[in-house]
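So the structure is just underneath, and the comments pick up after that.
The values are calculated or read from the model by the stated rules, or taken from the named source; none is laboratory data. Please read all numbers here as calculations on a predicted model, not as lab measurements. Don't worry about glycine lacking a Cβ; one is built from the backbone with ideal geometry, like all the others, and counts go over all protein chains shown.
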């Protein structure tokens, strides 16, 4: 016996009743992935915490963030920079921080850049 979908109404709402597994959900894998921000590689330097944040809404760009002792969070690198390296499979990381200076590999050109907490990236 084949089950068929039918339309039903309750109050002012109309909905489709369908057999198990055949209904369409408004929640898609793309919707879930677009809202999932990844966090990785935490580091502590002086009085601040640093980490990487993957941002699906920015094409998967990986941003270095810093939170200071007062709890203020700031992005360390702006677009188009993305702190990612192709050697991470071998134990490498996208960035390192020490004495307030951050070194990171920019994914687009695989160059290593230096950035201070108050200055922009420099080769």
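Things worth noting here:
- Among residues of region 19-31 that are at negative phi, those with a beta-carbon under 9 Å from a residue that is at pLDDT below 75 and in a loop (DSSP other than H, G, I, E, B) at least six positions away or on a different chain give the pairs 19/2; 19/3; 19/4; 19/5; 20/3; 22/3; 22/5; 23/5.
- Extreme residue, modelled with the lowest pLDDT, among residues of region 61-85 that are under 17 Å from the mean Cα position of the chain (by Cα) and farther than 13 Å from residue 51 by Cβ: 85
- Residue 117 meets the conditions (1) surrounded by 11 or more Cβ atoms within 10 Å (Cβ to Cβ); (2) at pLDDT 80 or above; (3) in contact with a strand residue (DSSP E or B) (Cβ under 8 Å, 6 or more places away or on another chain) in every case but one. The failed one is (2).
- Test: residue in region 89-110 that is modelled with pLDDT of 95 or more and out of contact with any strand residue (DSSP E or B) (no Cβ under 9 Å at 6 or more places or on another chain): no
- Checked across region 49-56, the condition of being in a loop (DSSP other than H, G, I, E, B), at pLDDT 75 or above and in contact with a strand residue (DSSP E or B) (Cβ under 9 Å, 6 or more places away or on another chain) holds for no residue.
- Residue 42 vs. criteria on the phi < 0 side of the Ramachandran plot, in contact with a strand residue (DSSP E or B) (Cβ under 6 Å, 6 or more places away or on another chain) and loosely packed, with under 15 Cβ neighbours inside 10 Å: yes
- Members of region 86-107 that are assigned to a loop (DSSP other than H, G, I, E, B) and either touching a residue at least 60 places away in the same chain (Cβ under 8 Å) or within 19 Å of residue 61 (Cβ to Cβ) (or both): 86, 87, 92, 93, 94, 107
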